[in-house]
Structures are given as C-alpha cells and as structure tokens.
Amino acid sequence: MTNQPDEATRLIRRILRVNHAGEHGAVSIYQAQLRGLNKADGELGAWLNETLDHELRHRTAFQDAMPQRGAKPCRALVIWKSGGSLLGWLSSAFGRVGVLVCTQAVEETVHRHLLEQISFLDRADPELADIVRDILKEEVDHLVYARDRLPQRSLVLRMARALVSLATETLIAISTRGDSFRLRHDLKDAA
Ligand SMILES: [Fe+2]
Ligand SMILES: [Fe+2]
C-alpha cells in the first residue's frame, strides 16, 4: 500500500506551483513598471494599476487553490520576484513603448502556458480549470491592450518582443529547474 499521489495529482500540483510563481513574477513586473514610469503617462499608469490588481488577484486565486490539492509554492519565488522586477524596470526605461512591448511578450507567454493546461484540467480538475479560464480572460485583455497600441510589423519591436519572450521562458525554466519544459511535455502526453 502506497501513499504516493497519482500522476494527475502530481501534474495538478506542478501546474499550480508554476502558475502561482508566474503571477508572483507578473506582480513584480507591473510594480516595477509603475515605479519606473513614475506614473508619467496618465492612461497607461491607470491601466497598469488596474492590471496590477488583476495579477494580485490571480496570485491569490492560485495560492488559495493550493492547500486542498496538497500543492506548495515554488521554492524559488525570489527568482521570480527579482527577474520580474528587473524586466519591469528595464522595460520602463524605454517608456510607454518599452512597457507595452514587455506586456505583449510576457502575456503571450502566460497565455500559451495556460492554454496548454486547460484541456487536461477540464478532465482532471474542473474547478481549477474554471479558475484558470477566468484568469485567462483577463490575461487576454492585458495582451490585447498592449498589442492594439503597438505597431506589430516593426522589426525592432518584434525583435524586442522575442528577446523578452526568451527572457521570460528562461526565467521560468531556471526557477522550475526545467520543469516548465517537462510539464509541457507531460501535459501533451496526458491529453
Ligand atoms: Fe495574471
Ligand atoms: Fe496578465
């Protein structure tokens, strides 16, 4: 007789851990951008404040979902916080465009990760699937806000977005010690 959790339970815990950590990073990015921009841009400042509220709520939602599923927060939260702060600070040094490029790239990455989880969660944990789906709606709003305000064909901005996406994926991979890649693979296997 073994008390080992089954494969689905382990996957759910890993999903929660990486999602919670990701929201932790998002909170740090938007906080750093607000500090860096010094609220110089009225409309963007208001939007950043509203978005920060969303990210705080997302982080709480994943944190609250952890205990009943036996999940624990990522031990490398400090990496997410410092990486997010650095990304937010660097992007805000380029002003409004820098903030929007960072938002589009990060939210595209978040969006991709959450979409990969939905079909598995629909079967394994419908309650968590609904939480992810609700959060995904707001992440899409964040993505669309930035995308609609940037010239999508500009080569320089496309390169900047690719760079931020790479930095985000690298941060996720380092802080999960590669589990983000294995999780993607395991979710495909579980589909
Ligand atoms: Fe979020
Ligand atoms: Fe977001």
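Details
- Residue in region 67-77 that is away from ligand 1 (no atom under 16 Å from the Cβ), open to solvent by less than 60 Å² (accessible area, probe 1.4 Å) and either assigned to a helix (DSSP H, G or I) or touching a Leu at 6+ places or on another chain (Cβ under 6 Å) (or both) present: yes
- Evaluated against (1) open to solvent by 40 Å² or more (accessible area, probe 1.4 Å); (2) more than 16 Å from ligand 2 (Cβ to nearest atom), Ile12 falls short on exactly one condition, (1).
- Of the residues Val97, Val101, the single one that is away from ligand 2 (no atom under 13 Å from the Cβ), in a helix (DSSP H, G or I) and open to solvent by 60 Å² or more (accessible area, probe 1.4 Å) is Val97.
- Candidates Leu77, Leu52, Leu56, Leu100: the one that is of a type outside the set (Gly, Ala, Ser) and at pLDDT below 95 is Leu77.
- Residues that are open to solvent by 10 Å² or more (accessible area, probe 1.4 Å) and within 16 Å of ligand 2 (Cβ to nearest atom) within region 119-133 comprise Ile131, Arg133, listed in sequence order.
- Long-range neighbours under 8 Å by Cβ, at least six apart or interchain, first residue farther than 22 Å from Arg35 by Cβ and within 11 Å of ligand 1 (Cβ to nearest atom) within region 52-64, second β-branched (Val, Ile, Thr) and in a helix (DSSP H, G or I): Ala61/Ile131; Ala61/Ile135; Phe62/Ile131
- Residues being within 11 Å of ligand 1 (Cβ to nearest atom) and open to solvent by 80 Å² or more (accessible area, probe 1.4 Å) - total across region 135-153: 2
- The one condition in (1) without any contact (Cβ under 8 Å) to a residue 40 or more places away in the chain; (2) more than 16 Å from ligand 2 (Cβ to nearest atom) that Arg69 fails to fulfil: (1)
- Residue within region 154-162 that is open to solvent by 60 Å² or more (accessible area, probe 1.4 Å), within 16 Å of ligand 2 (Cβ to nearest atom) and out of contact with any helix residue (DSSP H, G or I) (no Cβ under 9 Å at 6 or more places or on another chain) present: no
- Among residues that are touching a residue at least 40 places away in the same chain (Cβ under 8 Å), farther than 20 Å from Val132 by Cα and not acidic (Asp, Glu), Gln31 is included.
- Test: residue in region 71-79 that is in contact with a His (Cβ under 9 Å, 6 or more places away or on another chain) and among the basic types (Lys, Arg): no
- Within region 33-43, restricting attention to residues that are among the aliphatic types (A, V, I, L, M) and surrounded by fewer than 20 Cβ atoms within 10 Å (Cβ to Cβ), the residue that is farthest from ligand 1 (Cβ to nearest atom) is Ala40.
The values are calculated or read from the model by the stated rules, or taken from the named source; none is laboratory data. Everything quoted here is computed from the prediction, not taken from an experiment. For neighbour counting, all protein chains shown are included, and Cβ atoms are generated from backbone atoms with ideal geometry for every residue, glycine included. The accessibility values were calculated without ligands, DNA or RNA, using every heavy atom of the protein model including side chains. Shrake-Rupley method; radii C 1.70, N 1.55, O 1.52, S 1.80 Å.
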